[in-house]
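For reference, the structure is listed below as structure tokens.
Values quoted throughout were computed directly from the atomic coordinates according to the rules given, and no laboratory measurement underlies them. Nothing here was measured: the structure is a model prediction, and the numbers come from that model. Because the Cβ atoms are built from the backbone with ideal geometry, glycine has one as well, and the counts that use them run over all protein chains shown.
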Amino acid sequence: MLPYSRMLKPLARELRKSQTGAEELLWYRLRRKQILGVQFNRQKPITGYIVDFYSLAAKLVIELDGSQHYEPDAMAYDFERTKVLESLGLKVIRFENSEVFENLNGVVSVIWKEVEMRV
């Protein structure tokens, strides 16, 4: 089991209730083991972070980024966060929200290939 802060659990529950449109759309394609029978969780606390989507079997984190992620401070934060998650043996892949809206099948294809390599 990966380490996490118990203080993040209530926030993770709230985030699950108020997903962004891109998260909701991608979740529809990840839930119920639709990708190679692999279970994904959404808004999963890991260490001091809450990741958008996580698969234990594939050791895979999927992050969806809105425009705020391209501000210099946010980019530095995301870089550090990715380093921490990767130090736990996780692979982190990122997509822009617009990619999910404009090319959902392409996003799912990338995720499928990544899962295929990791399970």
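List of remarks:
- Within straight-line cross-link reach of Lys91, lysines at Cα separation under 25 Å, skipping those fewer than 8 residues along the same chain: Lys9, Lys33, Lys44, Lys59, Lys83, Lys113
- Beta bridges by DSSP in the chain, antiparallel share as percent, to the nearest 5: 55
- For the chain, the Kirkwood hydrodynamic radius comes to 14.6 Å, computed from all pairs of different C-alpha atoms.
- Filtered chymotrypsin sites (Phe, Trp or Tyr not before Pro), the stretch 1-79: DSSP coil and at most 11 other beta carbons within 10 Å: none
- Counting DSSP beta bridges with both ends in the stretch 1-64, the antiparallel % (nearest 5): 90
- A simple count of charges around Val119, restricted to other residues whose Cβ falls under 13 Å of its Cβ and scoring Lys, Arg +1 and Asp, Glu -1, yields +3.
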